[in-house]
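Student: Input: one structure, supplied below.
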Protein chains: 2
Amino acid sequence: MVTHTRTNQSKGEFHGRRSYAPRPHGHGASHRPAHHMRPVAEHKPAPHPKGEEPVRFIALGGLDEIGRNMMLLEYKDEIVIIDVGLQFPEVDTPGVDCIIPNVAYLEKKRKNIKAIVITHGHYDHIGALPYVLEKLGNPPIYTTILSKEVIMKRQDDFPNSPTPRFQLVKGGETHQLGRYFSATFFDVAHNIPDGFGIIFRTPVGNIVHPGEFKFDYNADGTPRGMDTWERVGAEGINTLMLDSTGAETPGFALSERVVEEELRKLIAAASGRVLVGTFASLIDRLGEIVKIAEDLGRKVAISGLSMKTNLQIAQNLGYLHFKKDTLIPLEELHKHKDEKILILCTGAQGEPKGSFMRIANGEHKHIKLKAGDTVILSSSIVPGNEKSVQTLRDNMARQGALIYHNKMLSIHSSGHAPQEELKAVMRMVKPKNFIPIHGYYFMRWRNAKHAQEVLGISPNQAIVTDNGHVLEIYSDGIRQSSERVPVDYVMVDGLGVGDVGEVVLRDRITLSQEGMVVIITTIGKSDGRVIKNPDIISRGFIYLKEHQGLLDEIRKRIRGIIGRIPNKENLDSDYLKTLIRDQIGLFLFNKTKRRPMVLPVIIEI
Amino acid sequence: MVTHTRTNQSKGEFHGRRSYAPRPHGHGASHRPAHHMRPVAEHKPAPHPKGEEPVRFIALGGLDEIGRNMMLLEYKDEIVIIDVGLQFPEVDTPGVDCIIPNVAYLEKKRKNIKAIVITHGHYDHIGALPYVLEKLGNPPIYTTILSKEVIMKRQDDFPNSPTPRFQLVKGGETHQLGRYFSATFFDVAHNIPDGFGIIFRTPVGNIVHPGEFKFDYNADGTPRGMDTWERVGAEGINTLMLDSTGAETPGFALSERVVEEELRKLIAAASGRVLVGTFASLIDRLGEIVKIAEDLGRKVAISGLSMKTNLQIAQNLGYLHFKKDTLIPLEELHKHKDEKILILCTGAQGEPKGSFMRIANGEHKHIKLKAGDTVILSSSIVPGNEKSVQTLRDNMARQGALIYHNKMLSIHSSGHAPQEELKAVMRMVKPKNFIPIHGYYFMRWRNAKHAQEVLGISPNQAIVTDNGHVLEIYSDGIRQSSERVPVDYVMVDGLGVGDVGEVVLRDRITLSQEGMVVIITTIGKSDGRVIKNPDIISRGFIYLKEHQGLLDEIRKRIRGIIGRIPNKENLDSDYLKTLIRDQIGLFLFNKTKRRPMVLPVIIEI
């Protein structure tokens, strides 16, 4: 059984939560609903028995979601931030560009921020930087050269954001961050180069954040880099945090070597053009595909700005080396024979404006599909995109292209360590305490359960916490404070940051389900008489032009509602609006069994 | 290579499409986009060389979707319909209750309809009946007793729909349907009892529609009912249709016996209450779970009307037998000890109003979750529900319940035969021609490809067709006609059937992404002067109350727009509306980078 913040089982002296946890309010604590509804405890917890000051761990995002990763460690008056990521919008945030962490807690303490550490260059780890850097007082960013370049490339879109200040680091280096923290960086394999993990050396012991990683393998199938984890473990680790994204996936990840081998076979067997789609952020895979094309004598054209940019950055830094004439512009595709062409495309998730969807719909300027084309979708489907990916496959198959996707062949592998890799890292690092990070509650819960099993630690040492909760890490254990930090969504929509809130989102969802009806009634200011026939416009409800009868009935009812008001001289327009909203709403529901948003407007003349 | 309707490879004499297919229009046919964009050929195809009249096969739905299954066979002046299903709404049809087939083609020919055959009682096969039965002239429905009861139960909600006329059938029986068609029914295993397949005996030969099925197994793991398929094959089959839903899933389906065994183990091991969620339509599984509860001495309460109804129907028909006191009302749960309770719940997809979500949110009247509860989600996730199922798992795990889902243990199995079962049926039935049905294009394409491999037939004998296309089945082959039948979506929303169209849906989607702004301008009829400050209301855009500056600027611009019009005496209000829409739209975009729907209203006084 894994610790829930709400249970109060106690084992051992200090690790036991009984002495520190906020008391359950009244009886039947276990009957209470999800703990985020629990009121914050009103009493201060007792100080640590030995008077030790803790390192505080707070996630501003990255728990209860996949994305928006931003965590911090705080000791006395010093703060170190780990990652500043964004989250892509979901079903319940329609129309929003992205969601970023709330940094209100840090704004007040900006003077204390000693460093931002960026583990790797993916948007869910760097994407919120331009929005919050100024609020954080533009502290130095510790990261690797590739992540720096990706961040700087993005800055072009944010001319008003302050110029980031970088401190470049490499695996193996140790950097002092303020007086209390130092950080030793170690290389990890992910699906973008230059990712690292960190051993934070703190007054309470070593705290490890391994970034995001998966095991890498040599060509002979032996795992690579295991010694790194063992060296980390040899340092003596107080607390290990571990990505939970893969905690529900059994086994080991497919080796990227296997993926490459499978791609090579498919491309070698193709008799016509080959189009390959994958995530633009998978720089390693992109590089490997270009190499395969070179080996097989194919030129490579790229359709998709983000992919082009990423490959360019990696080439500039010397991470990838291609022959001078391998990459060709899309405009020159026609100069080469089909069997000498490979095209890398973005949009494998079926994004409406992506390269692949434009190709599938015959709207791409340079690429028209034809029978004999081979299309390889070397990616997984991001949840929510199932239907659009299906449409993509269907439309391309209809045009005679041979489609291969990751459920047919081993042509994609996730960048997130699955269960057995996570367990192996736990065994090698041997931490005293474990905090599962990244991913939804149930994923983190399972990650914590694995840690209990593998490490033989108690539920109080494998702690499933939440965004905004404060964990206090001591040299002899972790306790959960009752303190809470604001972590509500900050939504970015167009130029607005934070101006789309709950009300606007709720309205968008209602409008999308039921549509709306605006009813404009013009009445005389002096006598409350209806001056002209009410104007009615609607969108997303029913096509009113074809329902003249319904329009007439609404107008008749408006006149009726106003006619029944006895004293029209001092007509309260708010009262009248409520009447119209309720009565017309009910009338429309009875007629149609739909509940459009009814918006009455009263014009007094 | 599988036949695409667009390719024109020709092999053999009659099967070749060259002689019958509409000619490609001009050169470069293979460059043209997806074939549904192809104009209908303007010439009549040549008659059959032997003067034979074909059986026409038309799908009104069920190709290019999972759901809305409705197909028909037509010979001279006789028509037989197979299934009349609905489709559940998707991302691109927000707010819609369901989608039903367009029956315009059949309405004109209602006199010719000899029978509706309903293969089994799932909503994607029966759900559109109450909407279209009258339009079809209420022909007799050939189906089994359970399907009849499910259909009749549903009729309660449609008092104005005609009372269906049933002809009950059983596996093994042959019924004459009109002069030209007779149907021999054979039992198939699905996850609802009483499903069947049909051999249609027609003037051009035997045509098989096997309904939906999966292999069933005995307790010792040997497959059950293989002899049925072999007997079907022994009849000599012209054309086999086959469900493609599982055509992308490798291997064989998990035996329902394994699922039951796994469920039994989990329930036996639970020390507290057990809550089990699954699809309400999986009557077999529901029955088995109740039996397991009986064996283990647990009472069963049911939370969810559809589940209760389905179990009741199956009990009434004698398909399920429970002890008299096994089922208890939810109200009596408190009378029993936790370890003596099992609760069957709907809403395992995380539907907002479903039993499980209400339980997870602490809003269920009779069930409050607590530590020690075991929750078993014995179902797959329907694409699109990933996020809500995640929320469900998270919220229940937070309350201390132990959650088990189908990716953790073998506690769910699909009702749709996967690849190896489909191939086995192909081998046993040995048809001369093959039509993949049900599922998206790429699934059907793969099903057809498997048929080519397994049966050694040519692309012209394994035909991937589309909704609304007409296939002509002859005794010596199939040809694709250029004729098209209307198959556009008919959407049901509240009481309206077909009144939500493309325009309304497009508006709903726009509103959900960008919101809207209504601008009401009152002007004098005689002089075109602005009489009062324009009223502005918006929803789903930004919270305008907090953006007074923007409101003021919009008003100023309205006055400016009208002020610049030279001749205000004969103000064309449509012209003015366009000006406002364009200019305010542009202004808002420049200010916010959002494009709300701008709706100008001009009130002339």
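Student: What shape does segment B:344-413 take by its C-alpha gyration tensor, where a ≥ b ≥ c are the square roots of the eigenvalues and a/c under 1.5 counts as rounded, a/b above b/c as prolate, and the rest as oblate?
Tutor: oblate
Student: OK, next. Relative contact order (percent) for chain A, with alpha-carbon contacts under 8 angstrom and 6 or more residues of separation?
Tutor: On the way: 1239 pairs, mean separation 99.6, N = 605.
Reported as a whole number, the value is 16 percent.
Student: On to the next question. Using alpha-carbon pairs under 8 Å, 6+ residues apart, how would you state the relative contact order of segment B:515-604 in percent?
Tutor: 42 percent
Student: Accessible area drop of at least 30 Å² (1.4 Å probe, protein heavy atoms): which residues of segment A:416-445 qualify, relative to the chain alone?
Tutor: In segment A:416-445, residues shielded by partner chains: A:Y440, A:Y441, A:F442, A:W445.
Student: Another one. For a test of the definition: using alpha carbon positions, the gyration tensor, and the 1.5 limit on a/c, classify segment B:115-183 as rounded, prolate or oblate.
Tutor: It comes out oblate by the Cα gyration axes.
Student: Just flag the trypsin sites (Lys or Arg not before Pro) in segment B:342-391 sitting in loop per DSSP whose Cβ has no more than 13 other Cβ atoms within 10 Å.
Tutor: B:K353, B:K365
Student: Can you give the calculated 222 nm mean residue ellipticity of the protein assembly as shown, where each DSSP H run of n ≥ 4 adds -39,500 (n - 2.57) and the sum is split over every residue, rounded to the nearest 500 deg cm²/dmol?
Tutor: Result for the protein assembly as shown: -8500 deg cm²/dmol, rounded to the nearest 500.
Student: Can you give me the C-alpha center-to-center distance between segment B:237-278 and segment A:526-584, rounded to a whole angstrom?
Tutor: So the two Cα centres are separated by 55 Å.
Student: Hey, another quick one. Quick check for you: which residues of segment B:380-397 have the amide N under 20 Å from the point 7 Å beyond the Cα of B:M408 toward its beta carbon?
Tutor: B:380-382, B:385-397
Student: Then there is this: Need the per-residue list for segment B:78-115: every residue with at least 30 Å² less accessible surface in the complex of protein chains than in the chain by itself, probe 1.4 Å, sorted by number.
Tutor: In segment B:78-115, residues shielded by partner chains: B:G95.
Student: Excluding residues fewer than 8 places away in the same chain, name every one of the lysines whose C-alpha is closer than 16 Å to that of A:K76.
Tutor: A:K108, A:K109, A:K111, A:K114
Student: Can I ask one more? Exposed loop GluC sites (Glu not before Pro) only (DSSP loop, at most 16 other Cβ atoms within 10 Å): please give the longest stretch of chain B free of them, not including the sites.
Tutor: B:364-568
Student: Considering every residue in B:538-546, what mean count of other chain Cβ atoms within 10 Å of its Cβ is obtained?
Tutor: 6
Student: Probe radius 1.4 Å, ligands and nucleic acids left out: can you give me the accessible area buried at the A-B interface, summed over both chains, in Å² to the nearest hundred?
Tutor: 7000 Å²
Student: Where the Cα atoms of the protein assembly as shown are projected onto their three principal axes, how long is each span, largest first, in whole Å?
Tutor: Sorted from largest, the Cα extents of the protein assembly as shown read 96, 86, 80 Å.
Student: Further, regarding this structure: Could you work out how far apart the two model spin labels at A:E230 and B:R506 are, taking each label as a point 7 Å from the Cα in the direction of the beta carbon, and quote it in nm?
Tutor: The answer from the label model is 6.5 nm.
Student: Can I ask one more? Tell me, what ³J(HN,Hα) does each residue in segment B:435-448 have, in order and in whole Hz, if you take phi through Karplus 6.51 cos²θ - 1.76 cosθ + 1.60 with θ = phi - 60° and put x for Gly and Pro?
Tutor: 10, x, 10, 6, x, 6, 3, 5, 5, 5, 4, 5, 4, 5
Student: Give me the residues in segment A:455-501 whose solvent-accessible area, probe 1.4 Å, is reduced by at least 30 Å² once all protein chains are included instead of the chain isolated.
Tutor: A:D493, A:L495, A:D499
Student: Quick one: which residues, 5+ away or cross-chain, put their amide H under 5 Å from the amide H of A:G277? H built at 1.01 Å from N.
Tutor: Residues meeting the criterion, in which the H sits 1.01 Å from N, are A:C345, A:I376, A:L377, A:S378.
Student: Give the Debye-formula value of log10 I(q)/I(0) at each listed q (0.16, 0.17, 0.20 Å⁻¹), with one equal scatterer per alpha carbon of segment B:515-604, two decimals each.
Tutor: -0.59, -0.66, -0.90
Student: Please report, in debye to the nearest 20, how large the charge dipole of segment A:159-247 is about its Cα centre when each Lys and Arg carries +1 at its beta carbon and each Asp and Glu carries -1 there.
Tutor: It works out to roughly 400 debye.
Student: Using DSSP to define loop residues, name the trypsin sites (Lys or Arg not before Pro) in segment A:127-168 whose beta-carbon has at most 16 other beta-carbon atoms within 10 Å. Can you show the working numbers first?
Tutor: On the way: sites: A:K135, A:K148, A:K153, A:R154, A:R165; in loops: A:K135, A:R165.
Counting only loop positions with at most 16 other Cβ atoms within 10 Å, the trypsin sites (Lys or Arg not before Pro) in segment A:127-168 are A:K135, A:R165.
Student: Per-residue HN-Hα couplings for segment A:466-477, Karplus 6.51 cos²θ - 1.76 cosθ + 1.60 at θ = phi - 60°, whole Hz, x for Gly and Pro?
Tutor: Rounded to whole hertz, the list is 9, 3, x, 7, 10, 9, 9, 9, 10, 5, 10, x.
Student: Along Cα→Cβ at 7 Å, what distances in nm separate the B:N570 label point from those on the other copies, shortest first?
Tutor: Nearest to farthest, the other copies are at 4.8 nm.
Student: Same structure again: Would you mind checking which residues have amide H under 5 Å from B:K532's amide H? H placed 1.01 Å from N; only 5 or more apart, or other chain.
Tutor: For B:K532, the qualifying residues are B:T522.
Student: For B:E261 paired with A:L305, estimate the spin-label separation in nm (one decimal), with each label point 7 Å from Cα along the Cα-to-Cβ line.
Tutor: 5.7 nm
Student: For A:Q167, enumerate residues with amide H under 5 Å from its amide H, sequence gap 5+ or separate chain, H modeled in the peptide plane.
Tutor: Residues meeting the criterion, in which the H sits 1.01 Å from N, are A:I141, A:Y142, A:T143.
Student: Counting only heavy atoms of protein chains, what accessible area per residue, in Å², does chain B have with a probe of 1.4 Å? Show your work: numbers first, answer last.
Tutor: Working: 23730 Å² over 605 residues.
Spelled out: the 1.4 Å probe surface of chain B, per residue, equals 39 Å².
Student: A follow-up question, please. Kindly state, to the nearest 0.05, the FRET efficiency for A:K153 paired with A:I328, given R0 = 22 Å and r defined as their beta-carbon distance.
Tutor: On the way: r = 22 Å, r/R0 = 1.02.
According to the calculation, E is roughly 0.45.
Student: May I ask you to derive the FRET efficiency for B:S182 and B:N160 from their Cβ-Cβ distance with R0 = 56 Å, giving the value to the nearest 0.05? Present the calculation step by step, with values, prior to reporting the outcome.
Tutor: Values: r = 34 Å, r/R0 = 0.60.
Rounded to the nearest 0.05, the efficiency is 0.95.
Student: From the residues A:I283, A:V382, A:S271, which one has its Cα farthest along the dipole of segment A:256-405 in the positive direction, the dipole being from +1 and -1 charges on Cβ of Lys/Arg and Asp/Glu about the Cα centre?
Tutor: Of the candidates, A:S271 comes out farthest on the positive side.
Student: May I ask you to work out the translational diffusion coefficient for chain B at 25 °C, viscosity 0.890 mPa s, via Stokes-Einstein with Rh from the Kirkwood sum over Cα pairs, reported in whole µm²/s?
Tutor: It diffuses with D of about 89 µm²/s by this estimate.
Student: So what's the projected area for segment B:73-205, the Cα convex hull averaged over all directions, in nm²?
Tutor: The number I arrive at for segment B:73-205 is 8.9 nm².
Student: Between B:K109 and B:K170, what FRET efficiency follows from the Cβ-Cβ distance if R0 is 22 Å, with the result rounded to 0.05? Don't skip to the answer; put the middle values down first.
Tutor: Working: r = 29 Å, r/R0 = 1.33.
Step by step, r from the Cβ atoms, then E = 0.15.
Student: Next question. Separation between the A:R529 and A:L544 pseudo-spin-labels, each 7 Å from Cα along Cα→Cβ, expressed in nm?
Tutor: Placing both labels 7 Å along Cα→Cβ, they lie 2.5 nm apart.
Student: Using the Cα atoms of segment A:232-375 to build a convex hull, what is its mean projected area in square nanometres?
Tutor: 11.8 nm²
Student: When each copy gets a label point 7 Å from Cα toward the beta-carbon at B:T163, what are the spacings between them in nm, shortest first?
Tutor: 8.6
Student: Quick one: pull the percent of accessible area on the protein assembly as shown belonging to carbon and sulfur, 1.4 Å probe, ligands and nucleic acids left out.
Tutor: That fraction is 50 percent.
Student: Something else about it: When we measure straight from the Cα of B:K423, which lysines land under 25 angstrom away, once same-chain ones fewer than 8 places off are left out?
Tutor: Within the straight-line limit of under 25 Å, B:K423 reaches these lysines: A:K407, B:K11, B:K214, B:K432, B:K449.
The values are calculated or read from the model by the stated rules, or taken from the named source; none is laboratory data. As the structure is a prediction and not an experimental result, all values here were calculated from the model. Cβ coordinates were reconstructed from backbone atoms using ideal geometry, including for glycine residues, and neighbour counts include every protein chain displayed. Accessible surface is based on the protein model in full, side chains and every heavy atom, while ligands, DNA and RNA are left aside. Shrake-Rupley method; radii C 1.70, N 1.55, O 1.52, S 1.80 Å.
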